[in-house]
Amino acid sequence: MSLDLIEPLSIDSWNPVLDTAAQSAAIDTAAQDAAIDALEAGKVLYLPRLRFDVQAAERRFLSTQWSDGKSKNIYLRGRERVLRGTVGSAEDQAALAAMIERFGSNAQSLVSALFPCYVPHLQFGNTSFRPFEIEGRPPKSFRKDDTRLHSDAFPSNPTAGARLLRVFTNVNAQGRPRVWRVGEPFGDMAARILPRARRQWPGEAALLHALHVTKKRRSQFDHFMLELHDRTKADLDYQRDMPQQRVEFPPGSTWIVFSDQVLHAVLSGAMMMEQTWMLPVAALRHPERAPLRVLESMVGRALI
Ligand code: SIN
Ligand code: FE
């Protein structure tokens, strides 16, 4: 079966102005509506000509040498904005943090222009720089293996139903694309995998929280999202046979997804920037398409 999950957008500026005149840096309300509908339907919004401007003095950062060797990403965490995952002099670290921060503000102005109705509800999360080549890097476990298709769910960070919105930009300087696979719609995956999911044990959420395994109590929704994530990754027949599409994102291109919804896997590529936000379900135009609502309608009860 063939899929068409890629929705191209011709915008080539991080700050497109709202304008009805057909300028390359402009966006109108019809384009905003189409972008929101496509995003919430589980498509990948693809901006083939939106590049991140790595300045001449920053090109040296497009290397794995700044990694601390423990964390796979170098990142600014959520609101605290402290640089993590890196080694280097205070001066180098400040310059690297400034580059990553600039990507975060570019991404924020882009989503503000594209999805103005989300803006009051967006919670700005981590901004990461991902220097390592994906291909040939053995993962620590199948759960951490992002070369297998999955929808995002994090063991220690329950979202209580909030969406994970992500903007990615390939900054590879050697012409190397970021190669992804994207898979069948979330509801199709859930219909297949949810019947195999283990139910949460009584007291499990409280125990995991008390043991600091989770930062907040893991809701039933978060429990099921982790089950779907793990069981999708574990099922190699499903990985091979599910309807899927290979996509190449060349350097100088940007893409936007709800990564809790779009089944995705990364096959190869190195040097990418990424920004994450959380977004409450109530802020969506089509809340019934959110994983929370899809799973609740399948099990027939509230999961939060
Ligand atoms: C992922 O979110 O699974 C990884 C995406 C990437 O690093 O390209
Ligand atoms: Fe992922």
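The values are calculated or read from the model by the stated rules, or taken from the named source; none is laboratory data. Fair warning: this is a prediction, and the values are worked out from it, not measured in the lab. Because the Cβ atoms are built from the backbone with ideal geometry, glycine has one as well, and the counts that use them run over all protein chains shown.
Of the listed requirements (1) assigned to a strand (DSSP E or B); (2) away from ligand 2 (no atom under 15 Å from the Cβ), residue 138 misses just one: (1).
Of note, residue 254 satisfies the criterion of being under 26 Å from residue 53 (Cα atoms) and more than 13 Å from ligand 2 (Cβ to nearest atom). When every residue of region 130-143 is checked against the conditions, none turns out to be crowded, with 22+ Cβ neighbours inside 10 Å, within 25 Å of residue 219 (Cβ to Cβ) and of a type in the set (Gly, Ala, Ser). Restricting 139, 155 to those that are within 14 Å of ligand 1 (Cβ to nearest atom) and within 18 Å of residue 71 (Cα to Cα) reduces the list to 139.
Does region 65-72 contain any residue that is over 30 Å from residue 183 (Cβ atoms) and in contact with a strand residue (DSSP E or B) (Cβ under 9 Å, 6 or more places away or on another chain)? Checked region 65-72: at least one residue is over 30 Å from residue 183 (Cβ atoms) and in contact with a strand residue (DSSP E or B) (Cβ under 9 Å, 6 or more places away or on another chain). If you go through region 248-282 and keep only what is part of a helix (DSSP H, G or I) and buried (at least 18 other Cβ atoms within 10 Å of the Cβ), you end up with just 281.
Any residue at all in region 207-217 that's of a type in the set (Ser, Thr, Tyr), touching a residue at least 40 places away in the same chain (Cβ under 8 Å) and either assigned to a strand (DSSP E or B) or surrounded by fewer than 17 Cβ atoms within 10 Å (Cβ to Cβ) (or both)? Explain how you work it out, then say what you get.
Let us first name the residues in region 207-217 that are of a type in the set (Ser, Thr, Tyr), namely 214.
If we keep only those that are touching a residue at least 40 places away in the same chain (Cβ under 8 Å) too, we end up with 214.
Now narrow it down to the ones that are either assigned to a strand (DSSP E or B) or surrounded by fewer than 17 Cβ atoms within 10 Å (Cβ to Cβ) (or both): none.
No, that holds for no residue.
Given the criteria in contact with a Ser or Thr (Cβ under 6 Å, 6 or more places away or on another chain), under 26 Å from residue 282 (Cα atoms), at pLDDT 95 or above and surrounded by 13 or more Cβ atoms within 10 Å (Cβ to Cβ), does residue 166 qualify? Yes. The residue list 71, 89, 63, 10 contains one member that is surrounded by fewer than 14 Cβ atoms within 10 Å (Cβ to Cβ) and without any contact (Cβ under 8 Å) to a residue 12 or more places away in the chain, which is 89. Look at region 46-58: where a residue is more than 9 Å from residue 254 (Cβ to Cβ) and a partner is outside any loop (DSSP other than H, G, I, E, B), sitting 6+ places away or on another chain with Cβ atoms under 6 Å, you get 58/99. Looking across region 187-205 at every residue that is out of contact with any Lys or Arg (no Cβ under 7 Å at 6 or more places or on another chain) and over 26 Å from residue 40 (Cα atoms), the one that is surrounded by the most Cβ atoms within 10 Å (Cβ to Cβ) is identified as 200. Applying the condition of being of a type in the set (Ser, Thr, Tyr) and over 21 Å from residue 169 (Cα atoms) to region 119-156 and asking which residue is farthest from the chain's Cα centre (by Cα) yields 141. Selection of region 92-145 for residues being touching a Gly at 6+ places or on another chain (Cβ under 8 Å) and among the hydrophobic types (A, V, I, L, M, F, W, C) yields 96, 124, 134.
Beta carbons closer than 6 Å, at least 6 apart along the sequence or on distinct chains, pair a first residue in region 264-292 that is closer than 20 Å to residue 154 by Cβ and away from ligand 1 (no atom under 16 Å from the Cβ) with a second that is modelled with pLDDT of 95 or more and of a type in the set (Lys, Arg) for 279/163.
Of 119, 182, all but one fail to be in contact with a helix residue (DSSP H, G or I) (Cβ under 8 Å, 6 or more places away or on another chain) and not in a loop (DSSP other than H, G, I, E, B); the exception is 119.
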